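Here is the structure we will look at, set down as C-alpha cells.
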Amino acid sequence: MEFFDTIIKNGKIIDGTGNPWFKSDLGIKDDTITYIGTINNQKATKVIDAGGLFVVPGFIDIHTHSDLTIMPYPNCENSIYQGVTTSVVGNCGWSLAPINDFSRELVKGYFSPFLLKNFDYGWDWESFGQYYDKIANLKITMNIVPLVGQGTIRMAVKGFSQKQTSKDELTKMQSLLEEALKEGSFGLSAGLEYPPGGFTDTKELIALTSVLKKYGAIFTCHVRHEGDLVEEAVQEVIKIGQENDIPVQISHLVVKGEKNWGHLVRKVVKNI
C-alpha cells in the first residue's frame, strides 16, 4: 500500500494539456504528484475533499506589479486566492531596485501612489539582489519571476533628466542591468509611455538591451503610443529585438481610437 503525504479526492482535474476536465483523485508525496486515479484505501497524512471543485496547475500571471506590494502582503492573497502561483513582476519599466543615494527619494516618490501607506518598507537596499534577498526572507507564498525596470535604472543614473544620454551614463546603465541579470533578473522591462522611459530614444534602448543577449534574457515593453502612432510604437519594439537578436514581448497590445481598430493586424502583424 502506497503512503501519500496528501490525497486530494473527488476533484475535477484540469491537467494543463488542453483536454477536458476529468473527475479523479490525486496523490502527492514529497511535494510531487505521484499518482492520478482512484485512491480507495491508501493512507495519507492529509486528505482533502475537493468535491465540486477544480484541481488545476498553478496559473502564471505574466504581467503584474506585485513587487510593489509583496513586502506588506507576503501571503499574496490577491493572487493565491485566484489560483495564481507564479507572477512576473517589475513590468512597465517599474522596479524598486536598483536604487542609490541619488535616486532613492525619486523612486519612493514616483511609486508612492502604488505603495501601501503607513507601511515601513525600510528602503535599506541598493542592488536588485539585495531587494530580492529581502523579499525571499519574507517566505512569500508565490513564485516570483522578476524583471528589472529600465525606468528605475535610468533614474539611478540621471533621474528624470530629458537630456541625451552620454556615453558614460549609458555605460553605467548597462552595468546596472548586467548586475541585475547576474542577481536573478529574467530580463529588462520598459514603459515608454511614462517618464523617464519616455525620455529614452530607440538608439539608447538598443544599446542598453544589447546586454540581454549574453544572458538569454527578454525585453518586455509598454510601447510608446497606443493611438495614431501605435504602428510605429510596435515596430520600434520589433526593431530593438531584431537589432540584438533577443526575444521581446509587448506588455499591452492596445489600440486606442476607433479609426485605428484593426490597424495592427493589417499593417504590423502580417509583416512579422
message: On the basis of being farther than 22 Å from Gly83 by Cβ, surrounded by fewer than 12 Cβ atoms within 10 Å (Cβ to Cβ) and hydroxyl-bearing (Ser, Thr, Tyr), does Thr38 make the cut?
response: yes
- request: Of the conditions (1) assigned to a helix (DSSP H, G or I); (2) within 29 Å of Val254 (Cα to Cα); (3) of a type in the set (A, V, I, L, M), Leu170 clears all except one; give me its number.
  value: (2)
Residue among Phe186, Phe160, Phe219 that alone is modelled with pLDDT of 95 or more, within 20 Å of the chain's Cα centre (by Cα), closer than 21 Å to Glu126 by Cα and among the aromatic types (Phe, Trp, Tyr): Phe186
task: Would you point out the residue of region 74-118, among those that are among the small types (Gly, Ala, Ser) and surrounded by fewer than 16 Cβ atoms within 10 Å (Cβ to Cβ), that is farthest from the chain's Cα centre (by Cα)?
output: Gly109
statement: Cβ pairs under 7 Å, 6+ apart or interchain, first in region 238-263 and touching a residue at least 40 places away in the same chain (Cβ under 8 Å), second surrounded by fewer than 17 Cβ atoms within 10 Å (Cβ to Cβ), ordered by first then second residue, are Ser251/His63
query: Is it true that some residue in region 172-186 is assigned by TED's automatic domain parsing to the domain that holds Ile246 and in contact with a Lys or Arg (Cβ under 7 Å, 6 or more places away or on another chain)?
result: yes
field: Residue among Phe54, Phe22, Phe111 that is in contact (Cβ under 8 Å) with a residue 12 or more places away in the chain and touching a strand residue (DSSP E or B) at 6+ places or on another chain (Cβ under 6 Å)
entry: Phe54
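Condition check ((1) touching a helix residue (DSSP H, G or I) at 6+ places or on another chain (Cβ under 9 Å); (2) farther than 17 Å from Ala180 by Cα; (3) touching a residue at least 12 places away in the same chain (Cβ under 8 Å)) across all residues:
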site: Phe119; (1), (2), (3): no, yes, yes
site: Gly122; (1), (2), (3): yes, yes, yes
site: Gly129; (1), (2), (3): yes, no, yes
site: Ala136; (1), (2), (3): no, no, no
site: Asn143; (1), (2), (3): no, yes, yes
site: Pro146; (1), (2), (3): yes, no, yes
site: Gly151; (1), (2), (3): yes, no, yes
site: Arg154; (1), (2), (3): yes, no, yes
field: Per-region count, region 239-252, residues surrounded by 17 or more Cβ atoms within 10 Å (Cβ to Cβ) and in a loop (DSSP other than H, G, I, E, B)
entry: 2
task: May I ask you to list the residues in region 49-67 that are surrounded by 16 or more Cβ atoms within 10 Å (Cβ to Cβ) and in a strand (DSSP E or B)?
output: Val55, Asp61
task: Taking Lys163 as the residue in question, decide whether it is surrounded by 15 or more Cβ atoms within 10 Å (Cβ to Cβ) and farther than 18 Å from Asn91 by Cα.
output: no
statement: Arg154 fails exactly one of (1) crowded, with 21+ Cβ neighbours inside 10 Å; (2) outside any strand (DSSP E or B); (3) in contact with a Phe, Trp or Tyr (Cβ under 7 Å, 6 or more places away or on another chain), namely (3)
query: Which of the following residues is outside the structural domain of Tyr132 (by TED's automatic domain parsing), within 22 Å of Thr141 (Cβ to Cβ) and outside any loop (DSSP other than H, G, I, E, B): Gly16, Gly11?
result: Gly11
- request: Specify which of the listed residues (Val230, Val211, Val255) is closer than 20 Å to Ser95 by Cα and surrounded by 14 or more Cβ atoms within 10 Å (Cβ to Cβ).
  value: Val211
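The values are calculated or read from the model by the stated rules, or taken from the named source; none is laboratory data. On a predicted model such as this, the values are computed, not experimentally measured, just so you know. Using ideal geometry, Cβ is built from the backbone for each residue, glycine included, and neighbour counts are taken over all protein chains shown.
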